[in-house]
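Trainee: One structure follows; several queries about it will come next.
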Amino acid sequence: MYVQTIDRIRQGKGRIRKCKIDYLFYSLVDVIVDHYMDVLDTMGTKVESIDNQLMKTLKRDTLETIYDMKRDMLYLRAIISPLKEIIIKLQKEEETQIMHESTNIYLKDLFDHVVQVNDAIDTYREMLASFIDFYMMLNSNAMNEVVKTLTIISTIFIPLTFISGVYGMVILYIILSLVLFVVNFNNLFNVLEF
């Protein structure tokens, strides 16, 4: 990560050799923030791919990926937030005499980059939260379709079941009544013949 900075120091290029330690500090932190931007660009690409994937299919893996990305964003935010506070404190001359006036200009630029990284993290976190909401909405819509299909099937079969149950019991009762009537009627004729 610091290879370019070390090479500039060894070759005597740039301001690192000419300036004091405060500029070296700025250069090293600037490299770190630049790498944060690269990481956020990669994560931005992943967020876009998740967005495209949500539009195509509804998979459980997508939800797991969203939660993993959201956790990564929280981790990055926890790393970058203290850096913002450190730069603010270093810019205040009355508190520290570490930074020279000539380096404060660079610190302002660095602070702007840190704010950009912080804003990008917040934007991606909000996008991921909306993806979770969208995923839940799609899942709910799929569940509603299943319930609608089951309701249609129930609407057809519940009346048929009721009718077959009522008439099935009544027909059985009618048949039993007829059998008993015939048996009793035969017994009545048998008694009358004697």
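Trainee: Under the 0.36 nm per residue contour assumption, what length would be gained going from the current alpha-carbon distance of Ser177 and Met137 to full extension?
Mentor: Numbers: separation 40, 0.36 × 40 = 14.40 nm, distance 5.82 nm.
Full extension of this stretch gives 8.6 nm more.
Trainee: Rounded to the nearest 0.05, what FRET efficiency do Ile156 and Gln116 give with R0 = 45 Å and r taken as the Cβ-Cβ distance? Could you check?
Mentor: About 0.15, to the nearest 0.05.
Trainee: Run the reach check for Lys148 against lysines, Cα to Cα strictly under 25 Å, same-chain hits fewer than 8 apart removed. What comes back?
Mentor: Lys56, Lys59
Trainee: In the full protein assembly as shown, how much of Leu83 is accessible to a 1.4 Å probe, in Å² to the nearest 10?
Mentor: Surface accessible to solvent at Leu83 totals approximately 30 Å².
Trainee: Could you put Val33, Val179 in order of accessible surface area, largest first, with the 1.4 Å probe and the full protein assembly present?
Mentor: Val179, Val33
Trainee: In the structure shown, do any of Lys46/Lys108; Lys70/Lys108; Lys84/Lys108 have a Cα-Cα gap over 20 Å, and if so which?
Mentor: Check vs 20 Å cut-off fails for Lys46/Lys108; Lys70/Lys108.
Trainee: Please report how far the C-alpha centroid of segment 39-63 lies from that of segment 76-90, rounded to the nearest whole angstrom.
Mentor: Going from one Cα centre to the other spans 28 Å.
The values are calculated or read from the model by the stated rules, or taken from the named source; none is laboratory data. Here the structure is a predicted model, which is why all the values come from computation and not from measurement. Backbone-built Cβ (ideal geometry, glycine too); neighbour counts: all protein chains shown. Note: accessible area is taken over every heavy atom of the protein model, side chains too, but ligands, DNA and RNA are not part of it. Shrake-Rupley method; radii C 1.70, N 1.55, O 1.52, S 1.80 Å.
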